[in-house]
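Below: one structure, written as structure tokens.
Values in this text are rule-based calculations from the coordinates and carry no lab data. Predicted model only: the values in this text are computed from it and were never measured. Quick reminder, even Gly has a Cβ in these numbers, built from the backbone with ideal geometry, and neighbours come from all protein chains shown.
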Amino acid sequence: MENKVQHFFDSMCNSCQYKFKKVISVAKRNALKDLDDLQVFLCTVDKTRNIDEDNGIVPLAFIFCKNDSYAFFWKDNLYNGDGSSKLKIINDTIILAQATIERIKENTTNDKAVTVVKKEETRAIASKMIHQNNSSLKEHFSRQMLIMNRQQLLHMSKIRKMILILGLSFILVLGIVGGTLGWYFAGNNTANQQFPNYTWRINLNENLINKELEAIDDNRVETILAATKEKNQDLVIEDLLVKNITRNEATIYVKSSSNIYEYNSFAKVSFFC
């Protein structure tokens, strides 16, 4: 914006530069407006244009120059609430009806300092307007940088939290896997461990001498143990279990809880049913 204003000012004749400064001076005295909201455009006056085509827009001031003409507007008068312009602006140029220009004088009857103004102040006013616009841009840029830095810090904080959660989850999974594997191998070691044969225990074969059971009703575990007990009266079948059962034979093992027989001892019995 400041570059455009400076360009317009430099292209004016001396008389119009005085008028420009006067417009700025009057605009600054308006306590209800911010000078940053004042905009200037090249203006073409069309005597055949209908005033209704200007949508009720009336410039704050108009400068007629032998080189170009210029119109000054407050932003809230020139733009709609959504930021769109109420008039067509092409290459920083606006077309207005002659009747609209005449309305400037009507609107400034009580303040003749505004309209097609003349004289006063120096080029410093235009420079001050440029400086104010520059300051406004710098403040806006600083605010944007603060917002961006805050957003970046929040983003980094989220990334750190995510990394921490993933790390803790990984450690938890490793702990579960390690515990499961430890339990599995500990169970296998227990299963494969050989129980000690104490000297007071006897070998199963010392009590299970008669291994020919002859005919039995069926090959269920209870039937086999009962028939074995019948053939070997000293046998304590409560400490025994039967495995590898077929139609003609089975293997009798010692239970791990037995206090009578050696754990590693076993005997095969035969029968028919």
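Amide H of Glu249: which non-local residues (sequence gap of 5 or more, or other chain) have their own amide H closer than 5 Å, using H built in the peptide plane?
So Glu249 has HN proximity to Phe271.
From the phi of every residue in the stretch 6-13, what ³J(HN,Hα) in whole Hz does the Karplus formula 6.51 cos²θ - 1.76 cosθ + 1.60 yield, where θ is phi - 60° and glycine or proline is x?
Listing the rounded values in order: 4, 5, 4, 4, 5, 7, 7, 6 Hz.
Compute the length gained on full extension between Ile130 and Trp183: take 0.36 nm times their separation in residues and subtract their Cα-Cα distance, giving the result in nm to one decimal.
Answer, rounded to one decimal: 11.2 nm.
Express in nm, to one decimal, how much length is gained between Asn55 and Arg150 on full extension, taking 0.36 nm for each residue of separation and deducting their alpha carbon distance. Mind showing how you got there, number by number?
Working: separation 95, 0.36 × 95 = 34.20 nm, distance 4.32 nm.
29.9 nm is the gain from fully extending Asn55 to Arg150.
So what does log10 I(q)/I(0) come out to for the chain at q = 0.08 Å⁻¹, using the Debye formula with one equal point on every Cα and no solvent?
Debye output, listed in q order: -0.60.
Return the lysines within reach of Lys268: Cα separation strictly under 16 angstrom, same-chain partners fewer than 8 residues apart disregarded; answer none if there are no such residues.
Lys211, Lys229, Lys231, Lys243, Lys255
Obtain the nm distance between the two label points defined at Ser157 and Trp200 by a simple spin-label model: each point lies 7 Å from its Cα along the Cα-to-C-beta direction.
7.2 nm
Of all DSSP beta bridges located in the chain, what percent are antiparallel, nearest 5?
For the chain, the DSSP antiparallel bridge percentage is about 70.
Tell me which chymotrypsin sites (Phe, Trp or Tyr not before Pro) from the stretch 197-267 have a DSSP coil assignment and no more than 11 other beta carbons within 10 Å of their own.
Here the chymotrypsin sites (Phe, Trp or Tyr not before Pro) that fit, given the DSSP loop and packing criteria, are Tyr198, Trp200.
With no other cysteine's Cβ closer than 4.7 Å, which Cys residues of the chain count as lacking a disulfide-compatible partner?
By the Cβ distance rule, which asks for a partner under 4.7 Å, the isolated cysteines are Cys13, Cys43, Cys273.
Cβ neighbours within 10 Å, averaged per peptide: list 36-44, 152-160 in order, most packed at the top.
Averaged packing, sorted descending, gives the order 36-44, 152-160.
Taking neighbour counts of Cβ atoms within 10 Å as a proxy for exposure, in what order, fewest first, do Phe271, Phe170 appear?
Phe170, Phe271
Do the alpha carbons of any pairs in Lys75/Lys138; Lys28/Lys66; Lys47/Lys138; Lys21/Lys138; Lys75/Lys158 sit beyond 31 Å of each other, and which pairs?
Beyond 31 Å between Cα atoms: Lys47/Lys138; Lys75/Lys158.
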